[in-house]
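To keep things clear, I will list the structure first and then write my remarks on it.
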Amino acid sequence: MRVADEAGRSLGFPQIPFEGRDDPLHSGITYLRGIGKEENIPPTLWRLHNAFYDLTDFATLHPGGVDWIARSRGADITEAYEAMHPDQSVSSVLLKKYFVRNVPAEHLHRVSPLTFHEDGFYKTLQARALPIIRAIKASKAGKKPSALDASLPTREAKLLRHGNIKDNSYTSRLILDMQLFAYIVCLTLAATSGSYLASMAASIAAALVSLSAHNFFHQRNNWRMWTHDVTGFTVAQWRTSHAMSHHFFANTMMDMEVSHWEPFMYLLPKQQGPVGKGAHVLAVIGANIMMGLASTISLFQQIAGTVIEASRCLSNPDKLAQNQLSLDWLIVRQQIKSLIITLSQPLIFLSLALATRGIPFETIAHQYLFQHLFASWVFLSVGLYTSHHQEDVWHQGDKVQRRSEIEPPPVQVDFGLFQLLELRDKVETTNSLWMNINSYGDHALHHLYPTIDQANLPYLYPLLMDHCRRFHVPGPDKIMTGGSIGVDGTLVTKTGQPKADECGNGEEEEDEVRTSESRLEATRLPFSDGMWITSYVAMRGFYRTVVR
């Protein structure tokens with residue numbers, strides 16, 4: 001499954017599923033434990049780079065929230081620590097207190113091939129961005145920044161010098177609060193009037209609430225993160241599947257948001273064509289049905305997963321100490337809280353409708369079901385179409401790399417360069433915070449600095465561009481799509497992953513993929529982020545399933 005060199009370094013991403021990836025419940029806990037088993041991590045410890053730590057006693061002291069620590073017990077937290085702690089001046093000192101031992105030489109390999117070398121792209125970017133990040137924090141605390149950095153671009157240095165870097169996170173909070181208020185109003189109108197138009201408005205408002213809440217569940221615990229649950233996609237699950245999986249390993253076998261769709265839809269290259277028009281039509285229909293049903297399926301998975309995890313805690317098969325077991329119970333309580341928030345909405349809707357309209361229960365249930373399914377469809381229409389699945393963005397299994405400036409990661413790759421490789425930013429969202437927060441805008445910086453509020457990311461963009469020029473790699477301004485998804489030979493002619501032996505290596509078959517720029521442009525389908533459209537990405541994924 002995993003290939004390693006003589007020094008024990010990982011050679012590329014896993015090419016076949018590791019334990020926990022294809023769990024029927026798509027549980028984030030099972031996913032993290034599966035990676036932990038691959039790396040032989042003791043179930044009571046946490047791995048960070050090449051050392052083991054016991055963070056059990058620190059969990060309740062963690063400023064970001066105890067659940068981040070609880071969920072990752074027995075797992076490799078290297079990517080999570082590096083990306084979520086841009087200022088490590090305090091955490092690096094605290095970690096020494098909880099150090100247990102170094103990873104044995106025979107287990108130095110990691111499932112992830114991503115690196116964090118001090119002189120690499122990401123760590124040097126972190127060092128240069130630190131004065132800006134500290135200035136934002138100082139502004140939030142009502143203080144003045146205390147340090148300047150001569151390596152910053154001129155514009156950022158001037159902003160720091162004159163104290164013009166301000167914390168703008170209040171604007172993102174205001175956007176979410178207004179959308180949450182709109183959802184409550186529309187939900188009430190839909191329940192009391194019976195209007196399906198009001199239900200559609202409530203669905204769109206709910207989707208917008210979940211989209212903007214994404215900004216907050218990456219941050220330290222706060223009440224706004226729980227509003228993500230209004231569409232049925234619970235924050236208890238998404239903090240693992242999205243924040244601790246997709247964010248670090250997008251478009252690979254380690255991306256839970258890819259595996260969630262399988263076996264219904266495949267977002268990684270898998271099949272070859274060609275096929276007839278009938279399959280295209282069936283794929284479009286199937287993709288739309290799946291996007292509507294996704295939140296309901298996810299909700300049932302969460303209920304089953306919570307019951308299983310609670311049973312596991314009661315039986316305590318790992319014979320955990322009381323303080324370690326309490327962390328597992330905390331995860332169960334968080335999942336129950338998410339389920340209560342999600343399930344309370346239909347109860348409120350039904351209660352309002354029965355009290356004000358006095359019509360049969362079945363009629364009210366049908367209206368709410370329509371509202372729930374439509375909210376799921378709207379949410380995923382935006383989510384699947386954002387920044388990761390355009391044709392010339394790297395996917396594990398690709399055999400042709402169109403952006404030659406950054407090579408695909410055959411062995412190891414810097415974490416920051418990998419983020420630029422597997423995503424694209426969008427022109428439409430650049431100058432609008434509302435568009436940014438509701439369509440995963442400023443996506444490159446968000447992946448590089450997930451805990452920085454969306455409203456503050458523009459401060460870092462000139463620095464990122466300057467850093468890309470220093471490393472001679474394309475920056476986000478060169479990979480903006482104008483809101484289009486490339487649809488070329490990948491849809492019907494790409495063979496997909498190489499044939500692999502038991503270790504996951506093998507010979508790639510020759511493949512004919514169209515490389516002419518003119519032919520690529522001729523097959524490009526323009527879509528607009530401002531429209532609620534069927535996601536072609538979902539269609540392509542379902543398409544691969546239809547023609548299996």
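Taken one residue at a time, the phi angles of segment 36-43 give Karplus couplings (6.51, -1.76, 1.60, θ = phi - 60°) of x, 5, 4, 9, 6, 7, x, x Hz. Gly and Pro are set to x.
On a full-extension model of 0.36 nm per residue, what is the gain between THR451 and THR171, subtracting their alpha-carbon distance, rounded to one decimal in nm? The partial results should precede the final answer.
Values: separation 280, 0.36 × 280 = 100.80 nm, distance 1.60 nm.
Net length gain for the segment: 99.2 nm.
When the square roots of the Cα gyration tensor eigenvalues are ordered a ≥ b ≥ c, the ratio a/c for segment 19-65 is 1.5 or more and a/b does not exceed b/c, which makes its shape oblate. If you wrap the Cα atoms of segment 180-261 in a convex hull and average its projected area over all directions, you get 6.0 nm². In the assembled protein chains, SER92 presents an accessible area of approximately 50 Å² (probe radius 1.4 Å).
Against the compact-protein benchmark of 2.2 N^0.38 Å, the Cα-based radius of gyration of segment 79-128 scales to 1.31.
Converting phi to 3J(HN,Hα) with the Karplus coefficients 6.51, -1.76 and 1.60 and the offset θ = phi - 60°, segment 83-99 yields 6, 8, 10, x, 10, 9, 4, 8, 4, 5, 6, 4, 4, 4, 5, 10, 5 Hz in sequence order, with x at every glycine or proline. Taking a cut-off of 13 Å, what percent of all Cα-Cα pairs in segment 40-85 are separated by more than that? It works out to 52 percent of all Cα pairs. Taking a threshold of 32 Å on the Cα-Cα distance, which of the pairs LYS97/LYS123; LYS37/LYS96; LYS37/LYS140 fall above it? Too far apart for the 32 Å limit: LYS37/LYS140.
Arrange the peptides 302-315, 126-139 so that the one whose residues have, on average, the most other Cβ atoms within 10 Å appears first.
On the way: 302-315: 15.8, 126-139: 19.9.
Highest to lowest by the protection proxy: 126-139, 302-315.
The value obtained for segment 163-202, namely the Cα convex hull volume divided by the number of residues, is 44 Å³ per residue. Over segment 44-120, the pair-distance histogram of Cα-Cα distances with 10 Å bins from zero comes to 17, 56, 26, 2 percent, rounded to whole numbers.
The values are calculated or read from the model by the stated rules, or taken from the named source; none is laboratory data. None of these values were measured; they are calculated from a predicted model. For neighbour counting, all protein chains shown are included, and Cβ atoms are generated from backbone atoms with ideal geometry for every residue, glycine included. Accessible surface areas use protein heavy atoms only, side chains included; no ligands, DNA or RNA. Shrake-Rupley method; radii C 1.70, N 1.55, O 1.52, S 1.80 Å.
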